[in-house]
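The values are calculated or read from the model by the stated rules, or taken from the named source; none is laboratory data. From a predicted model like this one, the values you see are computed outputs, not experimental measurements. So basically every Cβ, Gly included, is an ideal-geometry build from the backbone, and we count neighbours across all protein chains shown. When the accessible area is computed, the model is the full protein with side chains, heavy atoms only, and any ligands, DNA or RNA have been set aside. Shrake-Rupley method; radii C 1.70, N 1.55, O 1.52, S 1.80 Å.
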Amino acid sequence: METDSVLAASRPETYKKPKGIGPFFKKLVQQRALAVMTIPFFIWLVIFKYVPLWGWTIAFQDYKPARGYLDQTWVGFQHFTFLFGDERFLRVLRNTLAMSSINLILGFVTAITLALLLNELRNVAFKRTVQTISYLPHFISWVVAANIIQTTLAPDGIINQLLIWTGLVDRGNEILFLGVPEYFWGIFGASSVWKDIGWNTIVYLAAITTIDPAQYEAAEIDGASRFKRMIYITLPGIKSVVVVLLIMNIGYLLESGFEPQYLLGNGMNVDYSENIDIFVLKYGIAQSNFSLSIAAGMFKTVVSFILLFFANHVAKRAGEARLF
């Protein structure tokens, strides 16, 4: 690429960058070792990601497992019409978008903030201790994490005990946090931050290390405080990484998770804890209505695809870093 730029600068009127499949195959032969290394991944991608797409046709059928594929009854968009006319699906769609948005906003803000604060620590031992403590919850399964959260939020848990100790709640009137539907989104957001904040900082800390230390030295000589160095040097230095990760996460806006909602949800908070994945499990797979479950999953995939391209296009128009 550097050679192409030099030639273009020296002969701007006559030089043209090679195009066509010839240069592509020439480059492929030159990098054949890398190409061979990608073959297993390419095979995996085709088998597990593209071949199963034929199953989307089930969404347009009244699918019965006992029948052959060609013997199924085709019903067109009947299942999609049912989904968007079903009050339960509209409710779980609201819950999914709300929990995904909460997770997206809190996840980005807290991870970036922690990365900035860790970068400012000068005591290496203390910094590593904080990093280790913040990383640990990520390696705990949601089954164990949900048990910890339920114990903490129980009427005799530490949260209620602290509220009683501070006088905010009277003894005997403890709050059943997981029994109040309106509290669930906040509990989910706080639980996700606690579990993944340390892990999410890894990328930002790696991006911070690429910033030229001379910029910090020059700013310090000019009298910039540590806070101003974070605002005017560190944050702009990792902006491209933040934008790319934001685009990727917007593409997963309908993926609010499954384990926390399934494990922390109950009959009292179901109106706020149930999301699309649980809807598919309860009303699709559990009731052998496979066509409905495929239709709901297809809806998620198509919307995620549109959101990803839209976010990438907005970043491109704004002149920011993008995926493609």
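Computed values, structure above
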read-out: Hull volume in cubic angstrom per residue (convex hull over the Cα atoms of region 178-298); value: 127
read-out: FRET efficiency, 1/(1 + (r/R0)^6) with R0 35 Å, evaluated for Val169 and Ala218 via beta carbons; value: 0.10
read-out: Unsatisfied cross-links (Cα-Cα over 22 Å) in the set Lys49/Lys300; Lys27/Lys316; Lys127/Lys195; value: Lys27/Lys316
read-out: Accessible surface, region 21-74, averaged per residue in Å² (probe 1.4 Å); value: 85
read-out: Sequence of Glu274, Glu255 when ordered by accessible area, the most exposed leading, probe 1.4 angstrom; value: Glu255, Glu274
read-out: Test item: Cα-centred dipole of region 21-74, Lys/Arg +1 and Asp/Glu -1 on Cβ, debye; value: 340
read-out: Lys, Arg +1 and Asp, Glu -1 on Cβ, resulting dipole of the chain about Cα centre, debye, nearest 20; value: 1280
read-out: Whole-number D in µm² s⁻¹ for the chain, Kirkwood Cα-pair radius fed into Stokes-Einstein, 10 °C, 1.306 mPa s; value: 65
read-out: Amide H partners (placed H, <5 Å) of Gln61, local residues excluded; value: Val75
read-out: Excluding exposed DSSP-loop trypsin sites (Lys or Arg not before Pro) (at most 16 other C-beta within 10 Å), longest clean stretch of the chain; value: 172-324
read-out: Under the span-like rule (Cα at least 30 Å along the axis, Kyte-Doolittle mean at least 0.5), DSSP H helices of the chain; value: 87-120, 184-208, 290-317
read-out: Surface accessible to a 1.4 Å probe, Phe139 within the full protein complex, Å²; value: 140
read-out: Average accessible surface area per residue within region 139-266, 1.4 Å rolling probe, Å²; value: 56
read-out: Selection from Gln150, Leu168, Ala125, by position along the positive dipole direction of region 118-181 (Cβ); value: Ala125
read-out: Lys/Arg +1, Asp/Glu -1 at C-beta; the chain dipole; positive extreme among Ile221, Asn200, Gly179; value: Ile221
read-out: Fraction of accessible area attributable to carbon and sulfur, the chain (%, probe 1.4 Å); value: 67
read-out: Test item: Cα-centred dipole of region 73-135, Lys/Arg +1 and Asp/Glu -1 on Cβ, debye; value: 280
read-out: For region 263-274, Karplus couplings with θ = phi - 60° (6.51, -1.76, 1.60), whole Hz, Gly/Pro x; value: 7, 9, x, 8, x, 7, 10, 4, 5, 10, 9, 6
